[in-house]
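The values are calculated or read from the model by the stated rules, or taken from the named source; none is laboratory data. Note that the structure is predicted; figures quoted are calculated from it, not measured. Cβ: placed from backbone, ideal geometry, glycine included. Neighbour counts: every protein chain shown.
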Amino acid sequence: MADNVGRALDSLLGQTLSPARIIVVDDGSTDDTPNILRRYEAQFGADSIQVIQWPESAYDLRRLPFLWNSALDAAAPYLTDDDYLLLGADDDVYERGYAEFLIEQMCADERLVLTSGNVSDWPSAPKGAAVQGGGRMHSWRFMRRVGCRYQTSYGYESQMLYKAAQLGYKLHCFNDVKVIHLRKLGAVHRFHEWGLGMACAGYLPLFVLARLAMSLLFYSRVIPRSAALKMTWDYFIARLSPPKNDLAFKKWSDSDPALVDWLRRSQSTSAGSLSDHFLKAKSFFGGESRAMK
């Protein structure tokens, strides 16, 4: 996907608020990506674009938090509590005002510590939509509080969001700016690890079923119905029979029991709310259907 890397870098370099430093972690690319990165590094200088090379490896989404953490380690010496850090993927292209808009919102409210724009194929992010993985803006003050690390178990992206909420911070996905994923969401990983992440987090079964119903009814444009069903299936299978010899399958309760307790209490309330929403929607569509007969 070498062409995507160039487009992603160009979109960062073309931001209305220029990045102080771009750190690229190359996960052992075997295509033309290393040559493209060397050209950008030579053109803009290693102080502006820093490339970290990892050894060649087969594609494995479980490596992603290690890659992110290596970028966080490299960025840490240059950041203060007043700075912000954007984490993205090689296929993310941002609107010109993307970073400036998000940082303006976060500067205006110091409790707002994690934000993102809207993915390109959503006409409008639903209320309460999660901050996106690609294009996720972090407050460095918050990151220092949580150790400047992502967890290396399944569900690492969600874990950071939940941790922020547990600590009383705010997160928001803004419709005002967009990030375009050049590859369709799930095109490579096929949502394989999302169900395992819910199992590691200790999601309540009722919440998982209620969320599945909402996904099938309202959000299939974002996550295909087949993927929503697969995630739910994977969750229940992993819950009944945890995978063996999988170092990424680590229960969050082992490292942060307070977070899991907070999450389950939140989901107990949310599951009821989602169920109510589902029943109202079912009633509405049922009435509409009868009226059309």
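Of everything in the range 37-73, what is among the small types (G, A, S) and not in a loop (DSSP other than H, G, I, E, B)? Give them in sequence order. Step through it out loud before you land on a result.
Filtering the range 37-73 down to residues among the small types (G, A, S) leaves 42, 45-46, 48, 57-58, 70-71.
The answer is A42, S70, A71.
Within the set A46, A76, A89, the sole residue that is touching a residue at least 60 places away in the same chain (Cβ under 8 Å), farther than 30 Å from I223 by Cα and small (G, A, S) turns out to be A76.
Here's the yes/no breakdown for (1) assigned to a helix (DSSP H, G or I); (2) closer than 22 Å to D92 by Cβ:
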| site | (1), (2) |
| --- | --- |
| S153 | no, no |
| S158 | yes, yes |
| V179 | no, yes |
| H192 | no, yes |
| L206 | yes, no |
| A210 | yes, no |
| M231 | yes, no |
| P243 | no, no |
| S253 | yes, no |
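Residues satisfying the criterion are present in the range 83-96 (criterion: in the same structural domain as V131 (by TED's automatic domain parsing), surrounded by 15 or more Cβ atoms within 10 Å (Cβ to Cβ) and of a type in the set (F, W, Y)).
If I go through the range 37-57 residue by residue, how many of them are polar (S, T, N, Q) and surrounded by 12 or more Cβ atoms within 10 Å (Cβ to Cβ)? Talk me through it step by step, then tell me what you get.
Of the range 37-57, the ones polar (S, T, N, Q) are 43, 48, 50, 53, 57.
Among the residues that remain, those that are also surrounded by 12 or more Cβ atoms within 10 Å (Cβ to Cβ) are: 48, 50, 53.
Residues meeting the conditions: 3.
For S116, indicate whether it is within 14 Å of R136 (Cα to Cα) and either assigned to a loop (DSSP other than H, G, I, E, B) or within 22 Å of the chain's Cα centre (by Cα) (or both). Spelling it out, S116 is indeed within 14 Å of R136 (Cα to Cα) and either assigned to a loop (DSSP other than H, G, I, E, B) or within 22 Å of the chain's Cα centre (by Cα) (or both). Only one of the numbered conditions (1) at pLDDT 95 or above; (2) within 19 Å of the chain's Cα centre (by Cα) is not met by D27, and that is (1).
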